[in-house]
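Worksheet for the structure shown next.
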Amino acid sequence: MVRPLLVIPLLVAAVGGLWLARGARQRWRDLRAAATYELPGDRWPMLMRAGGAMVCGVCVTALTLLTALGAFGGLSRSGAGTDRAETAVDAAGAGTWPGSAPGAAVRQQAAPPADTASAAATPAASGAPAVASRFDSVGHPGGGELLQSAVFGPDGKPRNVRVWLPPQYAKEPNARFPVVVMHSATPAKTADAEVPDVFEGVGAALQTGRVRPFILVAPEAPNGTSHPCELVAAAPAAVADDATLRTAITASFRALPPGPSSWGVLGVEGGAPCAAAAGLARPDLYGVAAAVSGRYDAAALVQTGAEAPAGSSAKLLLAAAKGDAAGLDAARKLQTALKAGSGPAAKAEVRISDNVQDYSADRERLRLLRQAAQFLAETLATVS
């Protein structure tokens, strides 16, 4: 029993060290690029990641020695029950954020009454095992807090869901916040796995003081298809944020109730068509949608928008970098096709952003994310 107990933190420390080292290397490259263009750069993110990688390296060395020598042969049984309780959600399908230490998760307290929270824990399909939607803290990117849980999907199986709370969430304990759902284009993955700097981009936008805060929800993309965004365009009911997930979010966090005045949708690169499809198909649920650096099937999206509930009109931002000729061309074609469409599709308010330009693709993506966050916050309700 000694070695298995030590192998788990050993692997976590090793993965965390690699992740931090990779981040430090990326920031070092950014600093070199900035120096080339005589732009100021912040060394602290690189130094902090490098220091974290060194700490993880020390932990890996120590744990390797302890595993080899069996120094912890006297582990008490009293801690076993606690460990099993803390990993109950992970056993149901939730992952672990690279670099997070076992047992360090902090439970997020639910704001609504207990009966609402119990409804969120009800499986979506009969016969599925009961797993409470307990969100555990897995990091603090972008100045906020990132939490994770397993929430049942329409098929009765748990899917990974990550929730980013803005810094204002902890500072305003009585406030309720609007929600933005971020879609992924990779089956069985959340959007932050595709765009790892999304929380930094949104957090930077909030720090300017010109963007109102909101909760960012990143559900796992639907499985069973290699192109989830095409599935969403063809069948809007296939969106990852179904009624079960919306119930879990409003039960676990101080979120405003779902509706066009308080919920929006975001997609970046591969996830952009998902956001466009969700916003065009359900303007009665999402008051605004932002699609960044996407490529779009205009005909499919026009049909999706035409079948939206009558009396509603979508509000959509299509953003791409100034140098992204293919992305801007796809955005303009979609805008033109929607204007020529029928029903609610023709009523969609489509804005195109083509003014972002920077010295690297990563910098352009961060600026596009800040722009998308500002567009979303302008339409969504203020914190109440």
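The values are calculated or read from the model by the stated rules, or taken from the named source; none is laboratory data. No experiment lies behind these values; they were computed from the predicted model shown. So basically every Cβ, Gly included, is an ideal-geometry build from the backbone, and we count neighbours across all protein chains shown. In case anyone asks, the SASA skips ligands and DNA or RNA and just uses the protein heavy atoms, side chains included. Shrake-Rupley method; radii C 1.70, N 1.55, O 1.52, S 1.80 Å.
Quick notes on this structure:
- Residue match in the stretch 190-210 (condition: farther than 25 Å from residue 20 by Cβ, open to solvent by 10 Å² or more (accessible area, probe 1.4 Å), modelled with pLDDT of 90 or more and of a type in the set (Lys, Arg)): no
- The single condition from (1) at pLDDT below 90; (2) closer than 20 Å to residue 20 by Cβ that residue 146 fails is (1).
- Count of residues meeting criterion [β-branched (Val, Ile, Thr) and over 25 Å from residue 364 (Cβ atoms)] in the stretch 158-208: 3
- Top-ranked residue of the stretch 120-133 - restricted to ones that are open to solvent by 50 Å² or more (accessible area, probe 1.4 Å) and either modelled with pLDDT of 90 or more or not small (Gly, Ala, Ser) (or both), ranked as farthest from the chain's Cα centre (by Cα): 129
- The lone exception for residue 252 - which of (1) hydroxyl-bearing (Ser, Thr, Tyr); (2) crowded, with 24+ Cβ neighbours inside 10 Å; (3) in contact with a Gly (Cβ under 8 Å, 6 or more places away or on another chain) it fails: (3)
- Strands (runs of 3 or more DSSP E) completely within the stretch 268-384 that count 3 or more residues being surrounded by fewer than 18 Cβ atoms within 10 Å (Cβ to Cβ): 349-356
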